[in-house]
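In what follows, a single structure is set out as structure tokens and then discussed.
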Amino acid sequence: MLVYDRVTKGWELLLGDDLHFGYFENRQIPLSVATARLTRQMADWAQLRSETRVLDIGCGIGGPACFLAREVGCPVTGISTSNVGVEIAASRAEAQGLTDRVQFFERDAMANGFSAESFDCAWIMESSHLMERKDLLVAESARVLRPDGVLVLCDVVLRRTIPFQYLVRNLSEFENLNAVFGKQNVELLDTYMQLAENSRLTMLRNEDMSDAVFPTLEHWRHNAESHRGELKKLIGQEYLAQFLRACTFLERLWKEGLLGYGMMLARKPHNAWQMEIERKPERAKQLPLRPPNRVGANSGLT
């Protein structure tokens, strides 16, 4: 636990207290403002209210969950595969007086064990790229959503498929990236959207936020240089050098149009009637004004 605390403190110095990317309306705003802005943007997209039950999937050490409970007032359940991370998240919630609205569990996002239709919002913030089976992640998120509940996701994404020869030529850089940030399994935003539709969710909105998020990397590099002495003690000179090298490579991938950042929002319809109207608005005139009251009634669906 002490080792994890030391590493976590190092990450907070590098990435900021929220440990995720920021949304920069201009490059001059502080990193802390930008990371809060990104969390707020997700919350606004999902139209969170004080009564919204949120499942924070891949909650890390609880930063966004505590933000939502504090700023929106909604109840949040966070899950992570890291027992130590869950303990730190719970301690953070207790320190902020949020234990009546926030709870954390060690659970697998791809088989979370919660009852079906038990949450109003599935919140996936920068955790999906670390999960191998994204189909299971999205399907399980959809399963626990109540009708009219939403899935909101943001993460680093591919902007186009990386050519095989590019991977070969830069193998050592990709290996260093995995060593610093964990094994990456990055996908196109379109892939997430297709997985949502495969899970019978209706896509509502998506956006490429690559340009607004890109300045985060400059701030991370600045933090590394500003706190170099303390970081050497917390994470070591070798890891610090790896981190700076990873930032340089991420900036290159961004500028070459290979990597970026995206956000998407999808909703769980009440039934097939609602899903058909939402996916194909042009068919609305062909369908009855109300959904059928019984199984087998003529719905107008083919």
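The values are calculated or read from the model by the stated rules, or taken from the named source; none is laboratory data. Since the structure is predicted, the reported quantities are computational estimates derived from the model, not experimental observations. No Cβ is skipped: glycine too gets one built from the backbone with ideal geometry, and neighbour counts run over all protein chains shown.
It is to be established whether one or more residues within segment 108-121 are closer than 30 Å to Phe243 by Cβ, out of contact with any Ser or Thr (no Cβ under 9 Å at 6 or more places or on another chain), modelled with pLDDT under 95 and surrounded by 14 or more Cβ atoms within 10 Å (Cβ to Cβ).
Start the filter on segment 108-121 by keeping residues that are closer than 30 Å to Phe243 by Cβ, which leaves 108-110.
The next check asks that each one be out of contact with any Ser or Thr (no Cβ under 9 Å at 6 or more places or on another chain); those that pass are 110.
Pick out the ones that are also modelled with pLDDT under 95 and you get 110.
Filter once more, so that each one left must be surrounded by 14 or more Cβ atoms within 10 Å (Cβ to Cβ): 110.
Yes: one or more hits.
Within segment 80-105, residues that are without any contact (Cβ under 8 Å) to a residue 24 or more places away in the chain and of a type in the set (S, T, N, Q) reach partners that are buried (at least 18 other Cβ atoms within 10 Å of the Cβ) and not in a loop (DSSP other than H, G, I, E, B) with beta carbons closer than 7 Å, at six or more positions or on different chains, in the pairs Thr99/Ala93. Of the residues making up segment 11-48, just one is buried (at least 22 other Cβ atoms within 10 Å of the Cβ) and modelled with pLDDT under 90, namely Asp18. For segment 208-226, the criterion of being outside any helix (DSSP H, G or I) and either more than 21 Å from Asp17 (Cα to Cα) or of a type in the set (Ser, Thr, Tyr) (or both) is met by at least one residue.
Being in a strand (DSSP E or B), surrounded by 15 or more Cβ atoms within 10 Å (Cβ to Cβ), touching a Lys or Arg at 6+ places or on another chain (Cβ under 9 Å) and modelled with pLDDT under 95, is that true of even one residue in segment 66-80? Steps first, please.
The initial filter retains those residues of segment 66-80 that are in a strand (DSSP E or B), namely 76-80.
Narrowing the set further to residues that are surrounded by 15 or more Cβ atoms within 10 Å (Cβ to Cβ) leaves 76-80.
Next, from what is left, pick out any that are touching a Lys or Arg at 6+ places or on another chain (Cβ under 9 Å): 76-77, 79-80.
In the following step, the residues that additionally are modelled with pLDDT under 95 were identified as 80.
Yes: one or more hits.
Of the residues making up segment 106-128, those that are within 14 Å of Leu151 (Cβ to Cβ) and free of Cβ contacts under 8 Å to residues at least 40 places away in the same chain number 1.
Return a yes/no flag: does segment 226-245 have any residue that is under 21 Å from Glu126 (Cβ atoms) and exposed (fewer than 13 other Cβ atoms within 10 Å of the Cβ).
Of all residues in segment 226-245, those under 21 Å from Glu126 (Cβ atoms) come to 235, 239, 242-245.
Remaining after also requiring exposed (fewer than 13 other Cβ atoms within 10 Å of the Cβ): none.
No, that holds for no residue.
Just one of the listed residues (Asp148, Asp135) is at pLDDT 95 or above and either over 30 Å from Leu259 (Cβ atoms) or crowded, with 22+ Cβ neighbours inside 10 Å (or both), namely Asp148. Condition test on Leu167, is it in contact with a Leu (Cβ under 9 Å, 6 or more places away or on another chain) and either modelled with pLDDT of 95 or more or not basic (Lys, Arg) (or both)? In short, no. Taking the criterion of being charged (D, E, K, R), part of a loop (DSSP other than H, G, I, E, B) and surrounded by 12 or more Cβ atoms within 10 Å (Cβ to Cβ), the only residue of segment 83-102 that qualifies is Arg101. In segment 162-175, the residues that are assigned to a helix (DSSP H, G or I) form Cβ pairs under 6 Å with partners that are at pLDDT 95 or above, at six or more places apart or across chains, as follows: Glu173/Phe249.
Taking the criterion of being touching a residue at least 12 places away in the same chain (Cβ under 8 Å) and farther than 20 Å from Pro163 by Cα, the residues of segment 231-258 that qualify are Leu231, Leu234, Ile235, Tyr239, Leu240, Gln242, Phe243, Leu244, Arg245, Cys247.
Would you say Gly60 is crowded, with 16+ Cβ neighbours inside 10 Å, at positive phi and assigned to a loop (DSSP other than H, G, I, E, B)? So Gly60 passes the test. Within segment 174-201, being crowded, with 17+ Cβ neighbours inside 10 Å and not hydrophobic (A, V, I, L, M, F, W, C) holds for Asn176, Glu187, Tyr192, Ser199. Annotation note: of Arg294, Arg267, Arg252, Arg228, the sole residue that is on the phi < 0 side of the Ramachandran plot and modelled with pLDDT under 95 is Arg294. Set side by side, the residues Arg133, Arg169, Arg143 differ, and just one is under 17 Å from Arg252 (Cα atoms) and either out of contact with any Lys or Arg (no Cβ under 8 Å at 6 or more places or on another chain) or acidic (Asp, Glu) (or both), which is Arg169.
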